[in-house]
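Undergrad: Following this message is one structure expressed as structure tokens.
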Amino acid sequence: MIREATPADIDAIVLLHTEARATYYRGHLPAEEYQGTAEVARSRDGWSRAVERPDATVLCAEREGALAGIAAYAVRDGIMNLTQLHVAPSQWRTGIGTALHTACTDAWRVAGVTAARLEVFAPNTRAQSFYAHHGWTPDPAAPHAGSHLVLRLVLGAGDARFGNQ
């Protein structure tokens with residue numbers, strides 16, 4: 001089941017977010033930067049704000065009553081951004097990520113969004129493969145943002161210029 005997040009989900013969201021990030025940051029960043037006390041507090045604050053923001057959407061995927069994945073998106077600088085998409089490592093390759101991705105793209109199409117962008121940590125080849133499978137390609141205008149690759153997704157058959165909302 002996929003549903004919008006509520007404030008009651010924050011603890012589970014932060015736990016899943018921290019666990020998922022550890023899988024791709026481990027060996028690339030000091031642990032304190034992705035699972036330290038200060039980082040977890042920053043994450044909690046960010047997720048709490050995202051859940052409360054009227055101009056952002058946070059989705060929760062549940063399986064057997066437990067949080068199995070999360071996704072978040074919002075418009076930034078006139079462009080739809082998939083800001084987060086994480087699946088609990090125990091749920092990898094079970095369809096949770098695809099279900100969340102589909103829920104996002106379906107909502108974007110209904111809203112008339114024709115393109116979206118995201119940033120993915122360059123060493124996270126698992127995520128890059130997932131996004132490529134779902135049609136995301138490097139953004140030719142700005143393919144890098146620091147240690148992250150910038151990807152874009154063109155939606156629909158209408159005016160598919162990147163950034164056209």
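Undergrad: Using a simple spin-label model with points 7 Å from Cα along the Cα→Cβ vector, what separation in nm is obtained for T23 and R49?
TA: 2.7
Undergrad: Which residues does a label at A132 reach in segment 68-99, if reach means a backbone N under 13 Å from a point 7 Å past the Cα toward the Cβ?
TA: Counting backbone N atoms under 13 Å from the label point, the list is empty.
Undergrad: Could you work out how much longer the chain between A41 and A141 gets when fully extended? Use 0.36 nm per residue separation minus the Cα distance between them, nm to one decimal. Spell out each step's value before the answer.
TA: Details: separation 100, 0.36 × 100 = 36.00 nm, distance 3.39 nm.
Length gained, A41 through A141: 32.6 nm.
Undergrad: Compute the signed sum of charges (Lys and Arg +1, Asp and Glu -1) over the other residues within less than 14 Å, Cβ to Cβ, of A66. It would help to have the intermediate numbers written out before the result.
TA: Details: positive: R3, R63; negative: D9, D11, E19, E62, E64.
So the surrounding residues net to -3.
Undergrad: If the only charges are +1 at each Lys and Arg Cβ and -1 at each Asp and Glu Cβ, what is the size of the charge dipole of the chain around the Cα centre, to the nearest 20 debye?
TA: On the way: 15 positive and 17 negative charges, 75 e Å.
The calculated dipole for the chain is roughly 360 debye.
Undergrad: Please report V87, V51 as a ranked list, fewest other C-beta atoms within 10 angstrom at the top and most at the bottom.
TA: Working: V87 25, V51 20.
Placing the least packed residue first, the sequence is V51, V87.
Undergrad: Rounded, prolate or oblate: which fits segment 2-154, taking a ≥ b ≥ c as square roots of the Cα gyration tensor eigenvalues, rounded meaning a/c under 1.5, else prolate when a/b beats b/c? Please list the in-between numbers first.
TA: Details: a/c = 1.37, a/b = 1.11, b/c = 1.23.
It is rounded, given that a/c, with a ≥ b ≥ c, falls under 1.5.
A short reminder: the numbers here are calculations on the coordinates, not readings from a lab. All values derive from a computational prediction rather than experimental measurement. When we count neighbours, we look across all protein chains shown, and the Cβ atoms used for this are built from the backbone with ideal geometry, even at glycine.
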